[in-house]
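Trainee: Take a look at the following structure, please.
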Amino acid sequence: MRYIATIALMLTALITKAQEQIEMADVMRDNGKIYVVVGVLLIIMIGMIIYLITIDRKLSRLEKENNKDI
Amino acid sequence: MRNWWKIAAIILLTYSLIAGFLIEVPKQVILYESIRNLYFHVPMWFSMTLLFLVSVIYSIRGLGSGNLEYDRKAEELVNTGIVFGILGLATGSLWAKYTWGTWWTNDVKLNGSAISMLIYLAYVVLRGSLTDEQKRARISAVYNVFAFVLLIVFIGILPRMTDSLHPGNGGNPGFGNYDLDDKMKLVFYPAVLGWILFGLWITNIRVRMANLKDKIEI
């Protein structure tokens, strides 16, 4: 039984041959669209970071103002 | 330069985003390009765990000193950590749908992380139910300790002891096994650090907002 299992498993190795068989998003890389993906995500992330910086600055201003009153 | 660490967060996150999509990754069946989710899904959980760890440390120090500053920090660290945990669950669920074929499964790690999130949500509810500041600080600090211990048990210990579908648990290889030329680590470690700093930044803002609110209302 163990021999049959071993041979069966070794046969599956034939279908998982080489790295070239595994399809990655090479089309996206070839036609440069991957940079669109990166661009979109960068826009989102930089937008969120700008928002964070804005409220951080607003807070600092309020804190300073508050400290002056006291 | 007081805010150097905020700038570091921005640089690390921007780098991990760009490199995360452009740098070569190991080719694996089933995963294909989604292996890049490693740079986002895992940092969510690492950041959450670190935020919760710092929180429980502040809770313990608060228990010793009675200083409400510590209690405030512990609270906001949990609040931010919960956001990261929810994002971790959501990103993991989407990833699971396209790799395991299901949004959710009865897996030790998944159930454990969901339960841990509920435990921390209960921390928020507990705080909301107590009005006296000192009492609230003490009781929620004790609860925080138990919550963190349970977190470690549910997501760190139990999944490694039984069968699990999740990478890194139950006999499955972690992604380190695929990353033979360490190219993924080149993006992964900066990403983890970036998201941790980002979480601390959000917490910092929350704490300052809460402190300012207190001052204005008095």
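Trainee: B:L158 - would you say it is more than 30 Å from B:E69 (Cβ to Cβ), of a type in the set (A, V, I, L, M, F, W, C) and part of a loop (DSSP other than H, G, I, E, B)?
Mentor: Here the answer is no, as B:L158 does not meet what is asked.
Trainee: So if I check each of A:T54, A:T6, which one is among the polar types (S, T, N, Q), assigned to a helix (DSSP H, G or I) and at pLDDT below 80?
Mentor: Every option except A:T6 fails the conditions.
Trainee: In addition: Kindly list, by first and then second residue, each pair from a residue in the range B:102-117 that is at negative phi to a residue that is basic (K, R) and open to solvent by 40 Å² or more (accessible area, probe 1.4 Å), limited to pairs with Cβ atoms under 6 Å and residues at least 6 apart or on different chains.
Mentor: Going by the 6 Å Cβ cut-off, the qualifying pairs are B:W103/B:K97.
Trainee: Could you check, for the range B:165-181, whether at least one of its residues is in contact (Cβ under 8 Å) with a residue 12 or more places away in the chain, within 19 Å of the chain's Cα centre (by Cα) and not in a helix (DSSP H, G or I)?
Mentor: The answer is yes, given that some residue of the range B:165-181 is in contact (Cβ under 8 Å) with a residue 12 or more places away in the chain, within 19 Å of the chain's Cα centre (by Cα) and not in a helix (DSSP H, G or I).
Trainee: Has the range B:189-201 got any residue that is over 26 Å from B:I60 (Cβ atoms) and surrounded by fewer than 16 Cβ atoms within 10 Å (Cβ to Cβ)?
Mentor: yes
Trainee: Return yes or no: is B:G128 within 17 Å of B:L165 (Cα to Cα) and either over 18 Å from the mean Cα position of the chain (by Cα) or not polar (S, T, N, Q) (or both)?
Mentor: No: the conditions fail for B:G128.
This table checks each residue for (1) touching a Leu at 6+ places or on another chain (Cβ under 9 Å); (2) charged (D, E, K, R).
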{"position": "B:E75", "(1), (2)": "no, yes"}
{"position": "B:F84", "(1), (2)": "yes, no"}
{"position": "B:L87", "(1), (2)": "no, no"}
{"position": "B:L110", "(1), (2)": "yes, no"}
{"position": "B:A114", "(1), (2)": "yes, no"}
{"position": "B:L118", "(1), (2)": "no, no"}
{"position": "B:F146", "(1), (2)": "no, no"}
{"position": "B:I157", "(1), (2)": "no, no"}
{"position": "B:D163", "(1), (2)": "no, yes"}
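Trainee: How many residues, within the range B:15-33, are among the polar types (S, T, N, Q) and either open to solvent by 40 Å² or more (accessible area, probe 1.4 Å) or at the interface with chain A (Cβ under 7 Å from one of its Cβ atoms) (or both)?
Mentor: Residues in the range B:15-33 being among the polar types (S, T, N, Q) and either open to solvent by 40 Å² or more (accessible area, probe 1.4 Å) or at the interface with chain A (Cβ under 7 Å from one of its Cβ atoms) (or both): 1 in total.
Trainee: Is it fair to say A:T16 is of a type in the set (S, T, Y), surrounded by fewer than 11 Cβ atoms within 10 Å (Cβ to Cβ) and modelled with pLDDT of 75 or more?
Mentor: No, not satisfied.
The values are calculated or read from the model by the stated rules, or taken from the named source; none is laboratory data. In this text, all values refer to a predicted model and were calculated from it rather than measured experimentally. When we count neighbours, we look across all protein chains shown, and the Cβ atoms used for this are built from the backbone with ideal geometry, even at glycine. For accessibility, only protein heavy atoms count, side chains too; no ligands or nucleic acids. Shrake-Rupley method; radii C 1.70, N 1.55, O 1.52, S 1.80 Å.
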